[in-house]
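See structure below.
The values are calculated or read from the model by the stated rules, or taken from the named source; none is laboratory data. Quick caveat, the model's predicted, so the values are computed rather than measured. Cβ: placed from backbone, ideal geometry, glycine included. Neighbour counts: every protein chain shown. Quick note on the areas: whole protein, heavy atoms, side chains included, nothing else; ligands and nucleic acids left out. Shrake-Rupley method; radii C 1.70, N 1.55, O 1.52, S 1.80 Å.
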Amino acid sequence: MKQQISTFLTFQKNNAEEAMNFYVDLFYNSEIIEIQRYGKDGPGTKGTIIRAIFELNGKQFMCSDSFIQHEWTFTPAVSNWVECNSKEEIEHLFVRLSENGVVKMPMDNYGFSKQFTFVEDRFGVSWQLNWS
């Protein structure tokens, strides 16, 4: 069996499904593959996600709604790098991902690409957008 390594996103505000739907809608060639939900017997809130598998432009991700409140959350030290194909694409992704989020590095030419920006979306997940 081929080993699959996937990014796993742990959400602590019961918003894994909202985030997953946002990402799948935002990126081309993306889809939700599987969702497992908590039932009435828990331990998580009924209907929230035990585990979901989705793809963003062919790359597999997984997510869950943690019923345990951890001291940690997402960190910008681990981010998703997106290589954009056009100025329009990077600008579109920047607008959508930075809405109600935090711009860590404004869109600019930092010398290693035509345009680059680093944003944390409204769910706390970090994205580096690059147009070379």
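Does Thr117 satisfy being under 15 Å from Met20 (Cα atoms) and open to solvent by less than 30 Å² (accessible area, probe 1.4 Å)? No: the conditions fail for Thr117.
Annotation for the stretch 99-108: no member residue is at pLDDT 95 or above, part of a helix (DSSP H, G or I) and closer than 27 Å to Trp131 by Cα.
The residues listed here are Val78, Val103; of these, the one that is within 14 Å of the chain's Cα centre (by Cα), touching a residue at least 12 places away in the same chain (Cβ under 8 Å) and loosely packed, with under 14 Cβ neighbours inside 10 Å is Val78. Among the residues of the stretch 25-67, those that are exposed (fewer than 11 other Cβ atoms within 10 Å of the Cβ), free of Cβ contacts under 8 Å to residues at least 12 places away in the same chain and more than 18 Å from the chain's Cα centre (by Cα) comprise Gly39, Lys40, Asp41, Lys46. Arg96 fulfils the conditions (1) in a strand (DSSP E or B); (2) in contact with a helix residue (DSSP H, G or I) (Cβ under 7 Å, 6 or more places away or on another chain) except for a single criterion, (1). Within the stretch 66-81, none of the residues are over 16 Å from Ser126 (Cβ atoms) and in contact with a Leu (Cβ under 9 Å, 6 or more places away or on another chain). Candidates in the stretch 5-17 are the residues that are under 19 Å from Ser79 (Cα atoms) and open to solvent by 70 Å² or more (accessible area, probe 1.4 Å); of these, the one that is modelled with the highest pLDDT is Phe8.
The single condition among (1) β-branched (Val, Ile, Thr); (2) closer than 25 Å to Asn14 by Cβ; (3) modelled with pLDDT of 95 or more that Val95 does not satisfy is (2).
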